[in-house]
Amino acid sequence: MSEARVGRLMTAKAHPGRGGELAAALVRVAGTLRDFPGCELYVINQDRADPDTVYAFEVWSDEAAVNAALEAARTAEDPPVSMADVMALVDGRPQRVDLVPCGGVGLAG
């Protein structure tokens, strides 16, 4: 287990009936992170019982990688989906749980 690793579970509630759109937008965001330095895992999930609830499970090598990704998203000239577009689909404020990744299937080291 690496103490430097950063894990996050983000939960967002979409406006009624728009969970699929929110999940699709976040999958496009995830695609931009595929080769981003320090992004070890970025998985989007939709709640089976409540499709308007969407989760992003993230694992980063360290806090600097998280900050670099956020800055890159903020300054991107032509992103596949903007943060404003994502937030327009969200009803209320997303919730964040900070985690310490310990290991498991799909997670290196």
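Each value in this text was obtained by applying a stated rule to the coordinates, not by laboratory testing. All values reported here derive from a predicted model rather than from experimental measurement. Please note: Cβ atoms are built from the backbone with ideal geometry, for glycine as well, and neighbour counts cover all protein chains shown.
Run the numbers for F57 and R74: contour at 0.36 nm per residue of separation, minus the present Cα-Cα distance, in nm. Before the final figure, lay out each step's value.
Working: separation 17, 0.36 × 17 = 6.12 nm, distance 2.01 nm.
Here the answer is 4.1 nm.
Work through the residues other than K13 whose Cβ is under 12 Å from its Cβ and net out their charges, Lys, Arg +1 and Asp, Glu -1.
In short, -2.
Sort the following peptides by mean Cβ neighbour count (other Cβ atoms within 10 Å, averaged over residues), highest first: 48-60, 27-39, 91-103.
Working: 48-60: 17.3, 27-39: 14.8, 91-103: 11.6.
Going by the mean number of other Cβ atoms within 10 Å, highest first, we get 48-60, 27-39, 91-103.
For M10 and V105 in one chain, what is 0.36 nm times their gap in residues minus the Cα-Cα distance, to one decimal in nm?
Details: separation 95, 0.36 × 95 = 34.20 nm, distance 2.01 nm.
Value of the extension gain: 32.2 nm.
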>> I want to verify the translational diffusion coefficient of the chain in µm²/s; compute it with Stokes-Einstein, Rh as the Kirkwood radius over Cα pairs, at 20 °C and 1.002 mPa s.
In response: 148 µm²/s
